[in-house]
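Remarks on the structure that follows.
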Amino acid sequence: MENRKIFNRIAVLRKEKYVTRKELAEKIGVNFQTIGYLEREEYNPSLDLAFKISEYFDLPIEFIFSTKPFKPLSEELKELKIKSR
């Protein structure tokens, strides 16, 4: 069975919180290079690692990870605003 590519928003979330790769890695118990591999989408996280990242950012996993490319957050916010009218 072929592995699917997993897209993520780790870099965006990390920058929003002013957290370095090294700081995030220390908080979730991985090597800082792992964070780089994840952000560049060169590596798919294990389920356990996805949960750790989700818990760190206090966000649902599906907000951070997806099997489809994410739209830019600004575009998603515009869509939410239009739907709420």
**Message:** Within region 32-83, take every residue that is acidic (Asp, Glu) and touching a strand residue (DSSP E or B) at 6+ places or on another chain (Cβ under 9 Å) and give me the one that is nearest to Lys22 (Cα to Cα).
**Reply:** Glu39
**Prompt:** Condition test on Tyr18, is it modelled with pLDDT under 95 and of a type outside the set (A, V, I, L, M)?
**Reply:** no
**Asked** With respect to Asn3, is the statement that it is in a loop (DSSP other than H, G, I, E, B) and over 13 Å from the mean Cα position of the chain (by Cα) true?
**Response** yes
**Asked** How many residues are closer than 16 Å to Asn3 by Cα and aromatic (Phe, Trp, Tyr) when one looks only at region 38-78?
**Response** 2
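Residue by residue through region 41-85, note down the ones that are of a type outside the set (Gly, Ala, Ser), touching a residue at least 24 places away in the same chain (Cβ under 8 Å) and closer than 23 Å to Val30 by Cα.
Quick first cut of region 41-85, residues of a type outside the set (Gly, Ala, Ser) only: 41-45, 47-49, 51-53, 55-65, 67-73, 75-83, 85.
Checking the rest, the ones that are also touching a residue at least 24 places away in the same chain (Cβ under 8 Å) come to 41, 44-45, 52-53, 56-57, 59, 63-65, 67-70, 73.
Of everything in region 41-85, those that are of a type outside the set (Gly, Ala, Ser), touching a residue at least 24 places away in the same chain (Cβ under 8 Å) and closer than 23 Å to Val30 by Cα turn out to be Glu41, Asn44, Pro45, Lys52, Ile53, Tyr56, Phe57, Leu59, Phe63, Ile64, Phe65, Thr67.
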**Message:** Cβ-Cβ under 7 Å, sequence separation 6+ or interchain: first residue in region 1-22 and in contact (Cβ under 8 Å) with a residue 12 or more places away in the chain and closer than 19 Å to Pro69 by Cβ, partner among the polar types (S, T, N, Q) and surrounded by 12 or more Cβ atoms within 10 Å (Cβ to Cβ). Which pairs?
**Reply:** Asn3/Asn44; Ile6/Asn44; Phe7/Ser66
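The values are calculated or read from the model by the stated rules, or taken from the named source; none is laboratory data. Source: prediction; values computed, not measured. Virtual Cβ from ideal backbone geometry, glycine too; neighbours counted across all protein chains shown.
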